[in-house]
1. Could you tell me which residue out of Leu205, Thr174, Leu156 lies farthest along the dipole of the stretch 107-223 toward its positive end? Charges go on the beta carbon: Lys and Arg +1, Asp and Glu -1, centred on the Cα centre.
2. For the stretch 557-628, run through the trypsin sites (Lys or Arg not before Pro) and keep only the ones in DSSP coil with at most 11 other Cβ atoms within 10 Å of their Cβ.
3. Starting from the amide H of Thr546, placed 1.01 Å from N in the peptide plane, find each other amide H under 5 Å away whose residue is 5 or more places distant or on another chain.
4. I need the phi-derived Karplus couplings for the stretch 623-634: 6.51 cos²θ - 1.76 cosθ + 1.60, θ = phi - 60°, integer Hz, Gly and Pro marked x.
5. Is there a quick way to get the dipole size of the stretch 107-162? I mean about its Cα centre, with the Cβ of Lys and Arg at +1 and of Asp and Glu at -1; what is the value in debye to the nearest 20?
6. Tell me which residues come under 5 Å, amide H to amide H, from Gly490 once H is placed; ignore anything under 5 positions away on its chain.
7. Over what distance in Å are the Cα centres of the stretch 97-128 and the stretch 441-513 separated?
8. Just to confirm a number: summing +1 for Lys and Arg and -1 for Asp and Glu over residues other than Arg312 whose beta-carbon lies under 11 angstrom from that of Arg312, what do you get?
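Every number here is computed from the coordinates shown, using simple stated rules; none is lab data. If you're wondering where the values come from, they're calculated on a predicted model, not measured in any experiment. Here the Cβ positions follow ideal geometry from the backbone for every residue, glycine too, while neighbour counts run over all protein chains shown.
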Amino acid sequence: MDICTIISKNYLAKARTLAKSFAKHNKGRVFVLLADKIDGYFDPAKEDFTLIKAEDLAENIPCFDQFCFSYNITEFNTALKPFFLEFLFRKYHMEKLIFLDPDILVCNSLDELSKLLDTHSIILTPHITRPFQDDLKPDEIEILKHGLYNLGFIALANTKTGKEFLSWWRSRLTDHCTIDYKKGLYVDQKWIDLAPCLFDGILILKDPTYNIAQWNLHYRKDLVIEDGIVLLDNRRVNFIHFSGFDPEKMVITSGFKHRFSMNELDKAKAIYDSYRDELNKNGHKEIKGWPYHWGHYDNGSNIPDQARILYRNLSDEQKKGFGDPFRTGGGSYYLWLAKGHHDPIDKEERLEFILNSRVYRWGLKVKHLINVVAPTGSMTRKILSFLPKAIFNIFSFINGIGAAISKIDKERMDRKLLGSKILYDEPQWHGNISGWEEHIPFAFLLTKILKPKVFVELGVQYGISYFAFCQAVKKKGYRTKCFGIDSWKGDGHTKDYDESVYADVSFHNAKNYRRYSSLLKCYFDDALTKFKDKSIDLLHIDGFHTYGSVKHDFETWLPKMSNRGIILFHDTTVKRDDFGVWKLWDEIEHLYPSYNFEHNYGLGILAVGKKADKRVIHLINKLKKDPSYAKMFAELGATILRKGSKS
């Protein structure tokens, strides 16, 4: 019985660990697909498995370069799965094959699976076979979002049904292997919910000794090791899936707070300790930082997920016109993407607008008609032939007046912004020192000029930032609906804190802002359904600050942003420990009008709305062009911080 897995090279240590654990208990070959390029980082000839390169599958993947570019690293690894399985069946004439994720540890012989494939074409394992009995995460809603079956494992027989299934799955993943909860998609996995409805010969394997993982630990955590054998309820475990396990911090990580800590796993913690040691023996600490080949353009710039999403939505003709999507030279997708954020008053773009205008093209047609009907040298021809030029001059004149008016408007805007009295207001709520105080003047001004109908803050904690926005809303008499969302339980960065924090914030909110402010004591994902798409004008993201968490918050809340939407990110300059807001900011700042304050741990402003308020855009441009403007906000904020620390 043979197995296979898929990795990018930063998962090489996991693939080595998987291969060795399989060889310890089984006879058979191990095939590893590299969804990446070697780039000189390791020698495949020295590995204990057969390496297949992604390019080896290219002949069966339409427009391979576009395929590589369209998906991020997770999507790409999973999208290749049916292509890889078909390739192995075809080239090596296998009768049966097991796919295992690289972060799986094989603990026993897999001969039972081989026997089951004698009577079934496909074997799947569900995420859970018992319901959750608490309100922690993951819950059953999370399971529904990600798919009923975990595709870290699938076993297939090379039968007619097996072939038809792979053909169907491949056709779906060619263009739709994305993480898009709104569309009901989660990479390759969510599609498999349909498989038992579409194909016969599928076994749903509920045996608890297979695919033990974080999502089913609530009834499988009584694992023990006896004489090197892993047991669950006195039965030998077949394989364990270490999805989300961070071997350096010894935590099970995810986009939400998990129901188990390592200390709560009792004897099972020894298994995680052992797996960590095996990873380190196989070079994990060095390998984890190896770069993903298709993660950057040919000039070395990182490719953000938003650039890939936009590319996927282009027409086939547009993609063909750009050619290789990774290149950055003339006529490239890279330059087209960057050009989309140029100043629209650029002279060349204005000229292009005039020359492509319907009126000017109509004038050219009239001129052609005159050349056909009016005699050469006639007065009619002389008078009318200047028509297109006259239209061009009129357009230029109008544009000139428009530019002059725009300049006057900008100067008037500057005076209004700089002279705004709200900049000098003192906050009514100080609470504990939070690292946000120096941004309060900007919060006051932004609220004044944006006049948001709905404001949402993710991560309220002590309420310093949240109540600054509420105070500005109250002063201006706006009808803004404000929502502060937090579990008030703490996280890995704020640490846990007691109920008194929420009690203080709740009391101040009820006393001063109860008419238009609501505090939602829940996790961010749980609050999503309370807001309609395109309903939020101002969003402040200040929750758990790891890269994965802030990216998750940004992507899940982005559809909720209105056409005027502005998103703020706190801690954009903090690069210590596992803070990762700065990394996400580097990926997305050039996709929208943006500015990043560097003081007080950093505050990023991202104008994601297609019709963002012109005063906000002007403010962003002013901050970029005039450093003294940003300095003014920092100095005003420092005054507040000094007063707050004294109080």
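1. Positive-end residue among those listed: Thr174.
2. For trypsin sites (Lys or Arg not before Pro) across the stretch 557-628 that sit outside H, G, I, E and B with at most 11 neighbouring Cβ atoms in 10 Å, the list reads Arg576, Lys610, Lys611.
3. Residues meeting the amide H criterion: Gly580.
4. Per residue, the Karplus-derived 3J(HN,Hα) values read 5, 5, 7, 10, x, 5, 5, 5, 4, 4, 4, 5 Hz.
5. For the stretch 107-162, the charge dipole is close to 260 debye.
6. Tyr497
7. 50 Å
8. -2
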